[in-house]
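Here is the structure we will look at.
Each reported figure results from applying straightforward, stated rules to the coordinates on display, with no laboratory input. It should be emphasised that the depicted structure is a prediction, and the values quoted were computed from it without experimental measurement. Neighbour counts are summed over all protein chains in view; Cβ atoms, including those assigned to glycine, are modelled from backbone coordinates with ideal geometry.
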């Protein structure tokens, strides 16, 4: 995947970035903070305000007949919280869990109010303050990938970070539709 | 500075609904012959606060409506007006109407209902009548316009409905209106220029003659106008006085046109519902046109006489019916049918306005006319759209809207005390933990014991917050019994005991409808007509008794009547006719077993059906609702002494007695109430019945077996039934055996929602947290049965055939 250099972007795609700024409603905040995590060598980011806590993997109670990416439910101080394996969500090969495996507990806004759920990721990476003006809209990847839940791409120190629209991603009923090439690059799907 | 008033809406609605309840209760107490001023005051105060509140929040329709009611009540209070039972009935209707208007506002819909309009007219008539009587025609000679006709009330005919409209105009000038040079008579003359004045009623609010100011206007008018002019033309006439008066212009009520599309599922008849009965209930509201759709009728050979293949489209013309009334009739079949209720009147009106808009425009430039008709067309489209949406909206609203409860301050104080104690215990334990040695072990144990007690007490008081006295549910019955008694010509007396028995709010909300149904049944079928009662040597007045009390961890509600009781022979005969039992079985039935038959789906004794409780709903719906609350219902009856229905409900839905079971590595919980027995699975008692489904011979019965590891795709200890345990559970009156690996402890579990953060899982009703902090799922037996699907059905069908084989072998042996 090509990462356009900074100068490149500022010259060519000004209207596009303006559009991103509008749609993501970030004009008010110059710098929003994002928590990033690693999965299969790629770095993904979520809005830090959605993150409730980060905890180690602990065994979950499986839910009968649930899709494979739903690992089960855990007791989070009296609340029943479902745990979702983001790797399996994205159709990446599963890895075995260790005590070092990380669960990010997110608060997701849905049409019926907010829900809390945990996502299993490889490792937590960093927290970045990202300016809305640096964010690039997602290129059209054709039918090969479903880009609906990618908010934008941003490059930090020449590394690309994929910012996820977590509200759209974790709508449970739609999760199974993500399989088959969605959100993969050639190294993973091939 | 402006304050966002909408944040107070919820409180306003709650208070208003409470106020309406108060009004209703007080109206029930009101004795027209001997007026108690305190009761009148109570009603008046409630009406007054509702009026004030709704005016503050801008719900003018309600404010206006309540204002008239209040004026009448005020006159009653001042002893200027006599009140008869007819008036009380009207006031009760008004209470219903206000309740409905408020609910409509809550659902953000227009609050005008046909009922409110007709009541408003009635009130206006009452008021005008009064003013003429008490104040005479002192000023009216001067101000009464010559156009005033007698109070004849003309209904528009259908033919002129589209061109001519009836408008109700309520014109309430300020006292100072005349000073600004405006003249009411001139305005009314101008109105006449638009069309025909059907009625001009003048109401006077006159002060004493001594304090009368000749320059002030003490009159108000109610005008009915028949005209083809649009609203704008009428408003124009009042343009100059708009600031000096209150003005309400409304299109008068014509017959509302409702279209109801009713598409039942095939199985609707099995639930004991009868569409024809619902239709005849609808007919009571007005003129009904029924068109049935035979499109889905299968060929004769494939037809099942218990299936319903028809779909209906109903056209109802009525001016009293509301959306809620119609939904009420279909209430019990909502789950089994697709029902769409549309009010076509609104779109009719838009049609008419279209016409006038186009007519106006055509007189001006042609271009404009295009624009106008397009705009009008769009208006119509959006009106239609909102109309179809509105039939769904209320349900959605009520699901998301957060309800609240009022809690007594004593309960809160108690809670705060508990928390205080908890904090003390915590600090004591903290201190103990800081400098712990073995000698202090007894102290630690004592502290932990204290903590345990604190926690339990805290839990109990928190639970008590959700508890409300059952009088909240009972309070609706006096009115209902009164209305039903009047409708049926029966003399009734309602006794209520234990109204202060407390019950969880959720349970209370769900028990309301079944209770209403049972009380209706008791009145309708139980209590005889006065003549019949006298002939039997009983008092003419029938007594219905509602009783509630606590027993163990349950709340018991009893509904008893002193009527004719259940007819065992009739029930048994009916059950045989409907193939629910065989004749052989019938001979051995005990009374209780026979009475229990009325809870069977599809059981309805035709002789007993009437308009009231005979909407075609069987008692099975009642039983299902109660079972959904983990409750039980039983019935006892003695001929000519009456019958008694006893409902047992758990105190709360939040805590459940559970049986922990293990399958492989997983722990699941059965609600203890659903378990009949648990036993070792013996191979010789298990037989295979086609399709790989097993049945188990439990003494004389055969129960189908469901293997939990199969349904849930788990890894069991052993697939051999010999090594597993069978938990026999009951659901919907049927028994089913569930295979598990091991029975663990029995314990109380706190029910946690899975749906809150996840979604509904078939076969699981909720989750709980065990002592070790892990999550365990609570099983839902009917869901599990559904999951095992076809397999189970074939086993059930096979079981129904099995007894015949048994009989056969017995006969052969004999």
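Within a 10 angstrom radius of each residue's Cβ in B:472-484, how many Cβ atoms of other chains show up on average? Whole number is fine.
Shielding by partners across B:472-484 averages 0.
What whole-number distance in Å separates the alpha-carbon centres of the stretch B:497-564 and the stretch B:60-96?
31 Å
For peptide A:74-83, compute the average count of partner chain beta-carbon atoms within 10 Å of each residue's beta-carbon.
5
Below 8 Å between Cα atoms, with a sequence gap of 6+, how large is the relative contact order for the stretch B:409-467 in percent?
Value for the stretch B:409-467: 56 percent.
Averaging sequence separations of C-alpha pairs under 8 Å and six or more residues apart, then dividing by the length of the stretch B:633-696, give the relative contact order as a whole percent.
Working: 48 pairs, mean separation 10.2, N = 64.
Contact order relative to length: 16 percent.
Quick one: compute the contact order of the stretch B:5-134, relative version, from alpha carbon pairs under 8 angstrom and 6+ residues apart, as a percent.
Value for the stretch B:5-134: 25 percent.
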